[in-house]
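Below is one structure, written out as structure tokens; the observations come after it.
The values are calculated or read from the model by the stated rules, or taken from the named source; none is laboratory data. Not measured: the values here are computed from a predicted model. Side chains included, ligands, DNA and RNA excluded: accessible areas come from the protein's heavy atoms. Shrake-Rupley method; radii C 1.70, N 1.55, O 1.52, S 1.80 Å.
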Amino acid sequence: MAELGLLYFSQSTRGEIVGGIGDPKTPTATAKLRLCASSRLYSRALIGTCPSLSSLKIQRQWAGLYDLSPDNSPIVGP
């Protein structure tokens with residue numbers, strides 16, 4: 001199975017599943033994942049991890065720049 005990215009998710013106090021995924025193929029810190037591609041990547045990884053969540057519907061989504069340096073390390077400090 002191909003690498004699907006770094007998946008994270010949790011359930012909110014209202015019952016929603018909130019999470020995201022990093023794309024290992026994203027080349028730089030300024031590259032953006034298209035929403036459609038991001039949704040497919042996230043859905044595959046989430047269902048692969050928790051198959052019982054396969055009937056969930058996407059209610060909202062957000063996309064933006066990754067806050068990582070070009071070597072995919074977190075940026076800390078000034």
- Message: Under the rule of at least 5 residues apart or a separate chain, name every residue whose amide H is placed under 5 Å from the amide H of Leu56.
- Response: none
- Determine the order of Ile47, Ile58, Ile21 by accessible area, beginning with the largest, at a probe radius of 1.4 Å. Ile58, Ile47, Ile21
- Derived scalar couplings ³J(HN,Hα) [segment 45-57; Karplus, 6.51 cos²θ - 1.76 cosθ + 1.60; whole Hz; x for Gly, Pro]: 5, 5, 5, x, 7, 9, x, 5, 8, 5, 8, 5, 10
